[in-house]
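Structure record follows, encoded as C-alpha cells.
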Amino acid sequence: MTLIKSISGIRGTIGGAVGDNLTPIDAVKFASAYGTWLKAQYKKDIYRVVVGRDARISGEMIQNLVMNTLVGLGIHVIDLGLSTTPTVEIAVPMEHADGGIILTASHNPKEWNALKLLNNKGEFLNGEEGAKILALAEGDTMSFADVDSLGKITKNDAYIDMHIDQVLNLELVNRDAIENANFKVVVDGVNSTGGIAIPLLLERLGVHTVKLYCDPTGHFPHNPEPLKEHLTDLSEAVVKERADLGIVVDPDVDRLAFMDEKGQMFGEEYTLVACADYVLSKTPGNTVSNMSSTRALRDVTEKHGGTYEASAVGEVNVVDLMKKNKAVIGGEGNGGIIYPESHYGRDALVGVALFLSLLAEKRMSVSDLRASYPSYFMSKKKIALTPELDVDAILKAMEAKYSHERVTTIDGVKIDFNTSWVHLRKSNTEPIIRVYTEAPSQEEADALANKVMAEIEAVANN
C-alpha cells in the first residue's frame, strides 16, 4: 500500500496504516494543511473552495472528510459532487473561489484516490506551494475556527452543463460542421464521470452516441488507463456498431484517446497532435508538451510556422512553459489537451470538440487522418520500485553511460538519438520508474526500451 506526495497532489491507496496510505486521518491532515495555506495566502474575511470528485468507490467518503475539514477551518465549500477535473478547474474562477480540490486518482485503479489541489485561477499548485502544504501537514501549527465561524457547504450540480456551454462557445468549435457530419461515436466512460460529461457534450453537438460503461458506479470494467491493451471492448463495439470512431477518457476526464473506424487506436500521443494541427491551422503560434511526448507535435508545429518546446513532465510544468512561450495549444502525450482559450488545464471535453471539428472539416475517416501525420511509435514501460533500488544512482549511471549523446536532465534523464529517444524518470503518481521510448517503428521502440531496461537492471545489481 502506498502514499505519494508530489507535484501531482496527495495520492494513495485506501485503507491500511496512517501515513502509509490515504486513510481518513491522512485526508483530513492534508485538507487541513491546504486550507491553512490558503488562508495564509489571502488575508480576507470569507474563503471559498470548490470541491468535486470522480466516481471512485471511496470518493464520497474522502469528499465528505475533505469538505467538513474545510468547514472546520471556517472555509465555505461549493460542492460539485460527481464532476470532472477540468470542470472543477473552470468552476474555481467562475465562483470567484480561493481554490479547489478534486478527489481523483486519475488513471490509477479503484483502490487509489487523491487530493489534487488548485489555486484561485483553477490551476494546479506549483512545486514551491505544494512543499509548503506538505510542511504544514507535518507540523502542529494548524488552527481551526470557533463554532460561530464554521464554513458552510453549498451544493451546485450545474457545472458539467456550464462546462459544456463554455466548450461549445469556443470560436474554433465548428458546431454546424460536426452536426452536418452525422457522426456515430462509441463512448467508453470507464464507469466514471466521463460517462456523464462526454455523452452530454456529444448530444449537444448532434452526434449519435453509443454508450459503453457510462454508468458512474466507480466499478471500473477494465484498467482505467486509456491504453490499447485495456480497450478491447471499445474496439469490438466500434466495429459492431459501424461507428465513425470511439472515444475513451480516464476516470477524471482530463485524458482523451480515440479509436478509428476499424477499431484501431488513433494513438493517445496523437490526440494532442491532431488538436494542435486544427488549432494551428486557424491561429498560428507555438506549442508545448512534456519531454515524454511524441516528436510529431514538433513536426506539425513547424509545418504551421510555429515553435515547439518541451517541459518537464507534470501539468503545472507544461502550463508554466506555455505561458512563457505564449503557446496557443499544448498538453501531454497521454491524451491531455490544454487550450488556453478555454483554461490552463487538461480537458477531454475541449479535446473532443476540437477533434470532431477537425474531422468534420476535413471530411475524412479517422484512419486516414492518422495516416496524414508523421509516424512515430512509442513504447511505455515501467519498473516497480523496491526499497533497495537507488533511483538517483541509476539515473546518474545512465546519464554517464550515454554522455556522448544529447542528454537532458531537467526531469530524470532523456537521451536523444538521431531517429529515436528514451526518457527515464521516477513517476509522480505511482511507485515506479517510467521508461518511455520513441522510434520510427514499434519494433525499434520496443527494442530500445528492452535494451535500456536490461542496462538499468545491470546497474541495479552491481
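Read the figures in this text as sums done on the coordinates, not as results from a lab. Model, not experiment: these values are computed from the prediction. Please note: Cβ atoms are built from the backbone with ideal geometry, for glycine as well, and neighbour counts cover all protein chains shown.
For the pair GLU457 and SER143, label points projected 7 Å from Cα toward Cβ lie 5.7 nm apart. Placing a pseudo-label 7 Å from each Cα along the Cα-to-Cβ vector at ASP161 and LYS401 gives an inter-label distance of 5.7 nm. From helices alone, the chain scores -12000 deg cm²/dmol at 222 nm; the rule is -39500 (n - 2.57) for each run of n ≥ 4 DSSP H residues, then divide by the residue total.
Applying the Karplus relation 6.51 cos²θ - 1.76 cosθ + 1.60 with θ = phi - 60° to segment 219-232 yields 3J(HN,Hα) values of 8, 5, x, 7, 3, x, 6, x, 10, 3, 5, 9, 10, 5 Hz, where x marks Gly and Pro. Which residue, ILE90, ILE10, THR386, has the largest displacement toward the positive end of the dipole of the chain when charges sit on each Cβ (Lys, Arg +1; Asp, Glu -1)? Going by the charge dipole, the pick is ILE90.
With the cut-off at 25 Å, tell me which of the pairs LYS44/LYS152; LYS121/LYS184; LYS116/LYS426; LYS29/LYS132 have Cα atoms farther apart than that. Check vs 25 Å cut-off fails for LYS121/LYS184.
Near ALA105, the amide H atoms lying under 5 Å from its own belong to ALA114; only residues 5 or more places off or on other chains count, and H is placed 1.01 Å from N. For MET265, MET94, the sequence from fewest to most other C-beta atoms within 10 Å is MET94, MET265. Sites listed here are trypsin sites (Lys or Arg not before Pro) in segment 336-413 whose DSSP assignment is loop and whose Cβ has at most 16 other Cβ atoms within 10 Å: ARG363. Hey, got a sec? Which trypsin sites (Lys or Arg not before Pro) in segment 204-264 land in a DSSP loop and have at most 15 other Cβ atoms within 10 Å? Answer in residue order: ARG242, LYS262. Roughly how many whole Å is it from the C-alpha centroid of segment 183-259 to that of segment 306-344? Segment 183-259 and segment 306-344 have Cα centres separated by 25 Å.
By the count of neighbouring beta-carbon atoms within 10 Å, fewest first, THR271, THR141, THR232 end up ordered THR141, THR232, THR271. Separation of segment 348-387 and segment 392-459 by C-alpha centroid, Å? Here the answer is 23 Å between Cα centres. Of the trypsin sites (Lys or Arg not before Pro) found in segment 131-170, the ones in coil according to DSSP and having at most 11 other Cβ atoms within 10 Å of their Cβ are LYS152. Once backbone amide H atoms are built at 1.01 Å from N, LYS382 has VAL435 as its partners under 5 Å, excluding neighbours fewer than 5 places away on the same chain. Scanning the chain for GluC sites (Glu not before Pro) in DSSP loops with at most 16 neighbouring Cβ atoms within 10 Å leaves 1-170 as the longest stretch between them. Computed from point charges on the beta carbon alone (+1 for Lys and Arg, -1 for Asp and Glu), the dipole magnitude for segment 377-461 about its Cα centre is near 140 Debye. Backbone phi angles across segment 329-340, fed through the Karplus curve with coefficients 6.51, -1.76 and 1.60 (θ = phi - 60°), yield HN-Hα couplings of 7, x, x, 10, x, 7, x, x, 9, 10, 10, x Hz in residue order; Gly and Pro are listed as x. Longest stretch of the chain clear of exposed loop sites (chymotrypsin sites (Phe, Trp or Tyr not before Pro), DSSP loop, at most 15 other Cβ atoms within 10 Å, sites excluded): 145-416. Counting other Cβ atoms within 10 Å as a rough exposure proxy, the listed residues HIS343, HIS96, HIS304 run HIS96, HIS304, HIS343 from fewest neighbours to most.
Averaging the sequence gap over all C-alpha pairs within less than 8 Å and six or more residues apart, then dividing by the number of residues, gives segment 3-157 a relative contact order of 30 percent. Computed 3J(HN,Hα) for segment 145-152, one whole-Hz value per residue from the Karplus formula 6.51 cos²θ - 1.76 cosθ + 1.60 where θ = phi - 60°, is 6, 6, 5, 8, 10, 5, x, 10, glycine and proline marked x.
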